[in-house]
1. Determine whether the range 178-187 contains at least one residue that is modelled with pLDDT under 95 and within 12 Å of the chain's Cα centre (by Cα).
2. Report yes if some residue within the range 99-110 is among the β-branched types (Val, Ile, Thr), closer than 30 Å to Thr232 by Cα and modelled with pLDDT of 95 or more; otherwise report no.
3. Looking at the range 63-94, which of its residues are touching a Phe, Trp or Tyr at 6+ places or on another chain (Cβ under 8 Å), surrounded by 14 or more Cβ atoms within 10 Å (Cβ to Cβ) and more than 29 Å from Gly166 (Cα to Cα)?
4. Output the residue which, of all residues in the range 281-301 that are among the polar types (S, T, N, Q) and surrounded by 14 or more Cβ atoms within 10 Å (Cβ to Cβ), is nearest to Gly239 (Cα to Cα).
5. Based on this model, can you work out whether Asp183 counts as crowded, with 23+ Cβ neighbours inside 10 Å and in contact with a His (Cβ under 8 Å, 6 or more places away or on another chain)?
6. What is the one condition in (1) without any contact (Cβ under 8 Å) to a residue 12 or more places away in the chain; (2) in contact with a Lys or Arg (Cβ under 9 Å, 6 or more places away or on another chain) that Lys130 does not satisfy?
7. Could you tell me whether any residue of the range 216-227 is more than 23 Å from the chain's Cα centre (by Cα), modelled with pLDDT of 95 or more and assigned to a helix (DSSP H, G or I)?
8. Sort through His87, His147, His136 and tell me the only one that's within 22 Å of Arg217 (Cα to Cα), outside the structural domain of Val220 (by TED's automatic domain parsing) and of a type outside the set (A, V, I, L, M, F, W, C).
Amino acid sequence: MDTTGIAPFTVCECSACQTEVIIPFKLDYLLLEKYVDRISVLDIYEGFDTSTSHLSRIAVLDNGIHQAKEFLDIAKEEGEKLISLKHPNICPLMAQDVILGNFCAVYPLLDGYLLSDYDPETQGFLDVEKVIDVLHAAALGLAVAHHKEITHHNVCPKNISIDARGNVRMLDFFQSRFVYQADQMTGKDHDVIKCDSSVDPYFISPEKAESGIEDKRGDVFSFGVTMYFMLTGQYPFVGSNLLETVYSRVRKKKRKDEIFNAQETSIITPDTVAYTPPKNPKTLREEISKAIADLTMDCLSYLPVKRPTFSEIITIFNLYKAEMEKQETVVAAQIEMVTTKTRAIPKMGKLGKK
């Protein structure tokens, strides 16, 4: 099909077979076929990597922006760090390269669905054991990343994928880390960061909400919010708007009358939004075990030092799953004993001589 003179991303139809095609934008071996989103200074596309013959998700750095060189340095540094991060539960960075003057980060395009597709209003509660299986797999990937001192910075349901074969993978390490580092470089006001589309305000850690800075223990908090939501269908921290939602997890340090005055009654800061500890998930859903409920609350600890590591989280998941398997074995044995047909047993005669 001759596509000469047709602008990239135009949807066309083949005159011979009526197949719908999208005219790609070619960057050497990368074919950008569909524009998806803009996150910070990264344009996200779906396309095709002709060097590997893989459908791909491609992040392209806008090189026409202010401080383009500094952003490029961040992208290269993050790309070099993440290219070696491999684990079955992490979506791998397949390539990072400057192509025709454009920095590109290339991930495989996964099938399946995201945990963010879960809608508690229409789906109700999810099966507890299935939720734990998925989060256990995600925790394994995050444990490997943390062992390499790599923090994700945006752990939430939209960054956890389950493909068509049931494989669980953590997504978007590159763009999450790039956005975090870029915000640190530009000194971007963290109030703006928290309402940015790249960061989900319901899953952000309190230290990042307050200062814009977090370490890998911030991932644990966000993981705890994810666990809370997937198990109960509710968020542990909620405000009347996005900024209040962000600051609802930050402990207030001053009395309201020290903050407000007659002229300024609508200021939203960490000091003016009340901190309300989340309800224990077991009070919202009785079938959640005490061990899992306690783990969730530990992950949501306000102080980072009180949160467990992912190695400790995995240990608790393993113990929980072992206990569930043990209970299932006992129940199965009991059912078998009840349902097995009774058999007649002949009586033994006297053993003496006749």
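1. No, the conditions are met nowhere in the range 178-187.
2. no
3. Filtering the range 63-94 for residues touching a Phe, Trp or Tyr at 6+ places or on another chain (Cβ under 8 Å) gives 63, 65, 72, 74-76, 78-79, 82, 85, 90-94.
Subsequent filtering for residues that are surrounded by 14 or more Cβ atoms within 10 Å (Cβ to Cβ) retains 63, 72, 74-76, 78-79, 82, 85, 90-94.
Result: Asn63, Leu72, Ile74, Ala75, Lys76.
4. Ser301
5. No, not satisfied.
6. (2)
7. For the range 216-227, residues more than 23 Å from the chain's Cα centre (by Cα), modelled with pLDDT of 95 or more and assigned to a helix (DSSP H, G or I): absent.
8. Answer to the check: His87.
The values are calculated or read from the model by the stated rules, or taken from the named source; none is laboratory data. All values derive from a computational prediction rather than experimental measurement. All Cβ positions, even for glycine, are placed from backbone atoms using ideal geometry, and neighbour counts span all protein chains on display.
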